[in-house]
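Note sheet for the following structure.
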Amino acid sequence: MFKPTEPMLMRLRLTTKQVNGGYYKGNRTGSMGVFDKKGQYRSQVEKHRNYIPAAKLELPGLPEGSSTKEPFLLTPFVTKHMRPTPSNYVQDLERNGKTVTVIRGFEGADYLNMWADTREAYFEKFPFPKKSKKSEKSEKSKKSTEGTSDQ
């Protein structure tokens, strides 16, 4: 066989013996939890960073003037105090003579409607440039040459 050249070796993946001390070590912030016996990740709240909010900060998900029994700490994770946001994508189904509203996923038709709305808004903001007399003349000459070539 052949031996790879020095530049080729530089492009090969490193083995554990070539790297000083092993593979990627991350940014050394540590883990935020542990894996249990079943393999599910359990988040440990005591390892999470907490941020103290400003005194007059309006917190999302809490009604104005409400006071909770425990202090609200800002964490980089989702709060349990916030009510679920209602979905824009619902479907009315009829079951046993009753109409039931069911949340559905984002579908292709929804994407096309969203695209059409943003496209219309874009062209309202940035309309097509008006054609100059020069371009109109060139289009007329193209049409006249196409008409003569068909005969």
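The values are calculated or read from the model by the stated rules, or taken from the named source; none is laboratory data. In this text the structure is predicted, and so the values were computed from the model without any measurement. As a convention, Cβ positions derive from the backbone with ideal geometry for all residues, glycine included, and neighbour counts pool all protein chains shown.
Would you point out which residue out of TYR111, TYR89 is in contact with a Phe, Trp or Tyr (Cβ under 8 Å, 6 or more places away or on another chain), at negative phi and free of Cβ contacts under 8 Å to residues at least 40 places away in the same chain? Reasoning before the result, please.
Values: TYR111 fails: in contact with a Phe, Trp or Tyr (Cβ under 8 Å, 6 or more places away or on another chain).
Result: TYR89 is the single residue among TYR111, TYR89 that is in contact with a Phe, Trp or Tyr (Cβ under 8 Å, 6 or more places away or on another chain), at negative phi and free of Cβ contacts under 8 Å to residues at least 40 places away in the same chain.
Report those strands (runs of 3 or more DSSP E) wholly inside region 1-116 carrying at least 3 residues which are at pLDDT 85 or above and not aliphatic (A, V, I, L, M).
41-43, 90-95, 98-103
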